[in-house]
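Written below as structure tokens is the structure these notes are about.
The values are calculated or read from the model by the stated rules, or taken from the named source; none is laboratory data. Predicted, not measured: the structure shown is a model, and the values here were computed from it. Please note: Cβ atoms are built from the backbone with ideal geometry, for glycine as well, and neighbour counts cover all protein chains shown. Each accessible area value is taken on the protein alone, full model and side chains, heavy atoms only, with ligands, DNA and RNA left out. Shrake-Rupley method; radii C 1.70, N 1.55, O 1.52, S 1.80 Å.
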Amino acid sequence: GQVLTSTGTVPNWEAAAGGVTDVKFSAFHSAGAANVTGDGTAYTVVYGTEVFDTGGDFASNTFTVPTDGAGYYIFTMMLSYIQVASDHTAGRIEFITTLNDHMHIFNAYGISDNNPLGRPTTSCIMKMDAGDTCYVRFTVYNGSKTIDLQTTYLSNQFSGALLG
């Protein structure tokens, strides 16, 4: 994303011609959502409140790579969910992208024994081309559709940035 120049006596890092170097966003799920999964239903998480979005490339739940922003991106997320029952056996959080997906699989059953609250986190680095998209999908398997997403800023976040 940057080139080393030496137009004077001091070298300097500058933006490469034709490419963006400052692409980043952070958003959180602010509305809560009831009964979104638990029976194998895949739920696309809606992150309705932006903390920042340097290029205006994030909307509601989806990040879109800008025209001149191709490169490697890091994505991170955390969810906070409740109402886990003993018949919920496994869960999956996915970064769904145009080129490929990254998933984090977790054991939901053990959570219900002591506290029906889960807070899985995951991150990944992906190669993205102009116009590619990324969003978060959440699924819990076996049992009934009772899983709720909590409404807390610190527990439901989705962020991404272009790496150097």
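If amide H atoms are built 1.01 Å from N in the plane of the peptide, which residues on other chains or at least 5 residues away come under 5 Å of the amide H of A70?
Answer set, sorted by chain and number: A130.
Over region 61-150, with every protein chain in place, what whole percent of the accessible area is carbon and sulfur at 1.4 Å, could you tell me?
50
Can you report the principal axis dimensions of region 28-145 using only the alpha carbons, biggest first, rounded to whole angstrom?
Largest first, region 28-145 extends 48, 26, 20 Å along its Cα principal axes.
Work out the FRET efficiency for F52 and A130 from their Cβ-Cβ distance, taking R0 = 22 Å, and round it to the nearest 0.05.
Given R0 = 22 Å and the Cβ-Cβ separation, E is 0.55.
Mind grabbing the accessible area of E50 for me, 1.4 Å probe, Å², rounded to tens?
For E50, solvent-accessible area is about 90 Å².
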